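Engineer: Provided herewith is a single structure, encoded as structure tokens, for subsequent inquiry.
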Amino acid sequence: MRVGSLDAFIAALPKAELHLHLEGSVDEALARKLAIRRGTPLPRYPPPGEGFGNFGRFLGCYMAICNCFEEPEDFHDAVVSLAERLRAQGVRYAEVTFTTMSHETRGVGRERIAEGLVSGRAAAAKLGVTMRWVYDVVRSLPEQAEPTLRSALAMAALDPGSVVGFGVGGPERETDDPRVLADVFTAARQAGLHSLPHAGEQAGPKSIWGALEVLGAERLGHGVRCLEDPELVRHLAATGVPLEVCPTSNVHTGVVATFAEHPLPALLAAGLQVSIGSDDPPLFGTDLCREYQRCVAGFGWDAERVRGLARTSIEHSFMEPTDKQALLAEIAAVPSPSVR
């Protein structure tokens, strides 16, 4: 295979997507279709290049998208649409966050949700994309944690291998106390789910320490504010707990001011384990390939840095070891681009 440009090289590399929300992955065309189908208000996507400016505006759009899901076909269509776009980017495996209580609390039954997710995941597999779910809790609604875990375990029983992790997301505050979620995370880990919380996005190092020490985090969603605490950086480097870093998302939600100011290069320089994610790609005008391309342009990455990040996306995943080795071998076999 000849790869004539760095963009083509990025697309050719097999990749895993480890930080991606199902509801936030719905593109505007499908969101409009679902809103019309269900008679709900249309979500207001930002104009290209404008962004949300803060997390609150983003959350309003995100919840409007959630309100468009009612029947199994809605969930199915979202999963298949996402799988098609992932396949086009060379993504072969995805651990997709799903906030089931955003739907169950509106009266959408667990069985309807499961029907759509199961059929969608099967269709994705036929497209060559393995999808697994990370069921997550909104941190400001800890009362939803136990029903979220019940739904996750019900899905795992219905579709074995489909649920890989348990997480927590939503707006962070410095006053958040992770201890309110400790018992349910312990139960999730005992049931075989990996602990995959968001931390260190809007809130600082305290959020990350809590995720590690109280929730038993095995991988951190975002984690970019760890650099504010040198002891925490040393701990993360020593333990190898990976970060799922989503640069464009961090700019659009106001975590950092500009892409050029993103701490990703500093995280790598500190020896931290990092993979690149797209978070809520249509809402942020990105996708995984574009994240790699923007990093190349913004940070001066060469082909081997890109190959290394594709490799860590596989290594940090929870796919089967034999599948990991096969994809790592494919990554090694992709020739470097002949021209920049």
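The values are calculated or read from the model by the stated rules, or taken from the named source; none is laboratory data. Predicted model, so just to flag it, every value in this text is computed and none were measured. Reconstructed Cβ throughout: ideal geometry from the backbone, glycine too, with neighbour counts over all protein chains shown.
Engineer: Residue by residue through the stretch 111-154, note down the ones that are assigned to a helix (DSSP H, G or I), polar (S, T, N, Q) and under 19 Å from V168 (Cα atoms).
Structural biologist: Q144, T148, S151
Engineer: Kindly indicate the residue of the stretch 215-243 that is of a type in the set (D, E) and closer than 11 Å to G200 by Cβ and also surrounded by the most Cβ atoms within 10 Å (Cβ to Cβ) among those meeting that condition.
Structural biologist: Applying the first criterion (of a type in the set (D, E)) to the stretch 215-243 yields 218, 228-229, 231.
From what's left, closer than 11 Å to G200 by Cβ: 228-229.
On the way: E228: 14, D229: 17.
Within the stretch 215-243, the match that is surrounded by the most Cβ atoms within 10 Å (Cβ to Cβ) is D229.
Engineer: Specify the residue that is modelled with the lowest pLDDT; the eligible residues are those in the stretch 1-15 that are part of a loop (DSSP other than H, G, I, E, B) and not basic (K, R). Give the steps one after another, and end with the answer.
Structural biologist: Residues of the stretch 1-15 that are part of a loop (DSSP other than H, G, I, E, B), as a first pass: 1-5, 13-14.
Retained after the next criterion (residues that are not basic (K, R)): 1, 3-5, 13-14.
Details: M1: 41, V3: 49, G4: 56, S5: 89, L13: 98, P14: 98.
Result: M1.
Engineer: Now for a separate question. Identify the residue in the stretch 1-59 that is polar (S, T, N, Q) and closer than 30 Å to R311 by Cβ and, among all such residues, is surrounded by the most Cβ atoms within 10 Å (Cβ to Cβ).
Structural biologist: Among those that are polar (S, T, N, Q) and closer than 30 Å to R311 by Cβ, it is S25.
Engineer: Considering V138, V184, V134, which residue is of a type in the set (V, I, T) and surrounded by 24 or more Cβ atoms within 10 Å (Cβ to Cβ)?
Structural biologist: V134 is the lone residue from the list that is of a type in the set (V, I, T) and surrounded by 24 or more Cβ atoms within 10 Å (Cβ to Cβ).
Engineer: Starting from the stretch 302-313, take each residue that is acidic (D, E) and list its partners that are at pLDDT below 95 and not in a helix (DSSP H, G or I), counting only C-beta distances under 8 angstrom and pairs at least six apart or across chains.
Structural biologist: Close Cβ pairs (under 8 Å, with a partner that is at pLDDT below 95 and not in a helix (DSSP H, G or I)) amount to E304/S336.
To keep it simple, each residue is scored yes or no on (1) surrounded by 19 or more Cβ atoms within 10 Å (Cβ to Cβ); (2) in a loop (DSSP other than H, G, I, E, B); (3) of a type in the set (D, E, K, R).
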residue	(1), (2), (3)
R290	no, no, yes
R294	no, no, yes
G298	no, no, no
R311	yes, no, yes
D323	no, no, yes
A326	no, no, no
A332	no, no, no
P337	yes, yes, no
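Engineer: Also, I was wondering about something else. List every residue pair whose Cβ atoms sit under 9 Å apart, with the two residues 6 or more apart in sequence or on different chains, where the first one lies in the stretch 231-249 and is closer than 29 Å to L59 by Cβ and the second, anywhere, is basic (K, R) and surrounded by 12 or more Cβ atoms within 10 Å (Cβ to Cβ).
Structural biologist: V241/R219; P242/R219; L243/R219; E244/R219; P247/R294; T248/R290; T248/R294
Engineer: Still on this structure, please answer the following. Does E71 fit the bill of being touching a residue at least 24 places away in the same chain (Cβ under 8 Å), surrounded by fewer than 21 Cβ atoms within 10 Å (Cβ to Cβ) and over 30 Å from P335 (Cα atoms)?
Structural biologist: Yes, satisfied.
Engineer: Now a separate question. Looking for whichever is basic (K, R), in contact (Cβ under 8 Å) with a residue 12 or more places away in the chain, farther than 19 Å from A191 by Cβ and out of contact with any helix residue (DSSP H, G or I) (no Cβ under 8 Å at 6 or more places or on another chain) here; the options are R87, R112. Which one fits? Full working, then the answer.
Structural biologist: Numbers: R112 fails: out of contact with any helix residue (DSSP H, G or I) (no Cβ under 8 Å at 6 or more places or on another chain).
It is R87.
Engineer: Having 3 or more residues that are within 26 Å of T258 (Cβ to Cβ) is the bar; report the helices (runs of 4 or more DSSP H) wholly within the stretch 40-110 that clear it.
Structural biologist: Here the list reads 55-66.
Engineer: Next up: Give all pairs with beta carbons closer than 9 Å in which a residue from the stretch 320-340 that is closer than 29 Å to G161 by Cα and free of Cβ contacts under 8 Å to residues at least 40 places away in the same chain meets a residue that is among the aliphatic types (A, V, I, L, M) and surrounded by 12 or more Cβ atoms within 10 Å (Cβ to Cβ); count only pairs at least 6 apart in sequence or on separate chains.
Structural biologist: Qualifying pairs under 9 Å: K324/I314; L328/I314.
Engineer: Evaluate the following for L18: is it in a helix (DSSP H, G or I), modelled with pLDDT of 95 or more and touching a strand residue (DSSP E or B) at 6+ places or on another chain (Cβ under 8 Å)?
Structural biologist: For L18, the condition - in a helix (DSSP H, G or I), modelled with pLDDT of 95 or more and touching a strand residue (DSSP E or B) at 6+ places or on another chain (Cβ under 8 Å) - is not met.
Engineer: I'm trying to understand the selection: among the residues of the stretch 85-95, which are under 23 Å from N67 (Cα atoms) and surrounded by fewer than 24 Cβ atoms within 10 Å (Cβ to Cβ)?
Structural biologist: Answer for the stretch 85-95, where residues must be under 23 Å from N67 (Cα atoms) and surrounded by fewer than 24 Cβ atoms within 10 Å (Cβ to Cβ): just R85.
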